[in-house]
There are 2 protein chains.
Amino acid sequence: MKLLEQMVVNDGKVYSNNVLKVDSFINHQIDPKLMLEMAKTFYEQFKNDNITKILTIEASGIAPAILVANLFNVPMVFAKKSVPSTLTRDSFYEAQVYSYTKNVTNNIIVSKDFLNKEDKVLIIDDFLANGQAVLGLSDLIDKAGASLAGVGILIEKSFQDGRKILEEKNIRVCSLCRIASLEDGKVKFNKADDEL
Amino acid sequence: MKLLEQMVVNDGKVYSNNVLKVDSFINHQIDPKLMLEMAKTFYEQFKNDNITKILTIEASGIAPAILVANLFNVPMVFAKKSVPSTLTRDSFYEAQVYSYTKNVTNNIIVSKDFLNKEDKVLIIDDFLANGQAVLGLSDLIDKAGASLAGVGILIEKSFQDGRKILEEKNIRVCSLCRIASLEDGKVKFNKADDEL
């Protein structure tokens with residue numbers, strides 16, 4: 001998506017060779033027009049897939065996910081990183097997400113009420129790096145007996161393993177911005193999935 | 001807002017005398033049509049207030065906040081509960097939020113880049129109970145020298161102190177659903193602010 005690539009070049013900041021700071025328009029302050037254009041692009045990519053639910057993970061995935069859900073007119077569900085007091089032990093599905101940056105494994109949960117075997121799910125998230133968050137969400141979908149239609153990603157770090165890991169599991173990935181390299185403080189792109 | 005009150009009655013669940021579970025349409029699974037109608041109602045209430053920024057706190061506030069931001073066509077900023085690796089010590093404002101339910105005090109932060117003294121801020125959050133989250137956000141706004149136009153709340157527990165505490169500080173509160181009581185498993189409402 002050209003608009004997103006432009007904003008990454010103009011407003012993103014490269015920290016070391018693998019950290020891209022996009023907190024002025026993606027994951028701390030959010031540019032609503034850009035976010036809406038991204039949601040529309042996901043809608044175009046998946047509109048024939050009979051999507052019944054949008055699934056993401058708190059917190060940065062929520063803004064794009066609710067806009068996508070509005071376009072599909074289906075519910076959005078966000079997986080939680082802690083168990084709310086209103087959910088009892090046997091009332092949710094649980095999966096593990098390993099964080100390479102923090103070197104810890106966290107559990108994520110979703111209530112059994114909100115994913116079921118009739119669901120065809122589109123996962124939306126802001127970043128794809130090592131793919132662990134998507135694998136955790138995919139695990140929740142499997143546990144519910146639902147099916148995964150695909151994954152919509154705002155920014156993919158193509159130089160990390162996530163894309164490859166997901167494709168080896170035959171998961172369809174649509175990334176609106178694919179970063180080939182951040183070396184020497186410069187952003188180089190691969191062709192985005194919506195441009196193919 | 002009648003639609004929200006209907007959904008609270010039909011789909012909400014009362015747990016004890018002060019817990020209302022609305023995770024099927026507000027804060028775990030989200031009904032996108034309802035959320036958009038709520039955002040439109042906030043827009044109508046604050047459209048003449050020269051709002052320049054929407055501020056919320058992760059995670060449940062993000063979905064309503066981004067929809068409101070889209071209508072105002074201004075940036076949305078969400079305060080974070082932990083410090084991202086891309087923010088250095090002196091680059092953010094910090095405030096404390098005391099949680100009565102968990103009996104702990106958490107810090108919330110917002111980058112200094114995203115709130116400034118020209119900003120007129122509308123706070124959006126899903127619940128108002130003791131008002132501590134809004135006070136923390138209001139503190140961040142004060143530290144930035146910005147001004148607070150008001151607070152938009154989806155569900156207010158009017159039997160708790162939050163509303164009173166905010167009004168004593170002359171903060172304008174617009175709650176789309178005001179719960180007078182949850183006693184005996186029944187939801188009783190006060191008149192919502194958008195109905196006045």
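Quick look at the numbers
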quantity: Residue mean of other protein chain beta carbons inside 10 Å, B:72-80; calculated: 4
quantity: Peptide-level mean, for B:57-67, of C-beta atoms on other protein chains within 10 Å; calculated: 6
quantity: Overall form of the range B:74-130 per C-alpha gyration tensor (a/c, 1.5; a/b vs b/c); calculated: oblate
quantity: Sequence-distant lysines (8 or more away, or on other chains) whose Cα lies within less than 17 Å of residue A:164; calculated: A:191
quantity: Label-point separation, residue B:118 to residue A:104 (7 Å along Cα→Cβ), nm; calculated: 3.9
quantity: Inter-copy separations for residue B:165, label at 7 Å along Cα-Cβ, nm, ascending; calculated: 4.1
quantity: Kirkwood-type radius of chain A, with distances r between different C-alpha atoms, in Å; calculated: 17.0
quantity: Label 7 Å beyond Cα on the Cβ vector: residue A:190 copy-to-copy distances, nm; calculated: 5.6
quantity: Magnitude of the charge dipole, the range A:49-110, Cβ model with Lys/Arg +1 and Asp/Glu -1, debye to 20; calculated: 160
quantity: Flagged links, alpha-carbon separation over 24 Å, of A:80/B:169; A:112/B:13; A:81/B:47; B:53/B:112; B:33/B:81; B:33/B:120; calculated: A:80/B:169; A:81/B:47; B:33/B:81; B:33/B:120
quantity: Most fluctuating residue given options A:42, A:114, A:127, as computed from a GNM of chain A linking Cα atoms under 10 Å; calculated: A:114
quantity: Whole-number percent relative contact order across chain B, with pairs defined as alpha carbons under 8 Å at least 6 apart; calculated: 20
quantity: Computed over the range A:85-151: relative contact order in percent, which uses C-alpha pairs under 8 Å that are six or more apart; calculated: 36
quantity: Of B:69, B:43, B:82, farthest towards positive along the dipole that unit charges on Lys, Arg, Asp, Glu beta carbons give the range B:35-85; calculated: B:82
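Every number in this text was worked out from the coordinates using simple rules, so none of it is lab data. A quick note: this is a predicted structure, and the numbers were derived from the prediction, not measured. Reconstructed Cβ throughout: ideal geometry from the backbone, glycine too, with neighbour counts over all protein chains shown.
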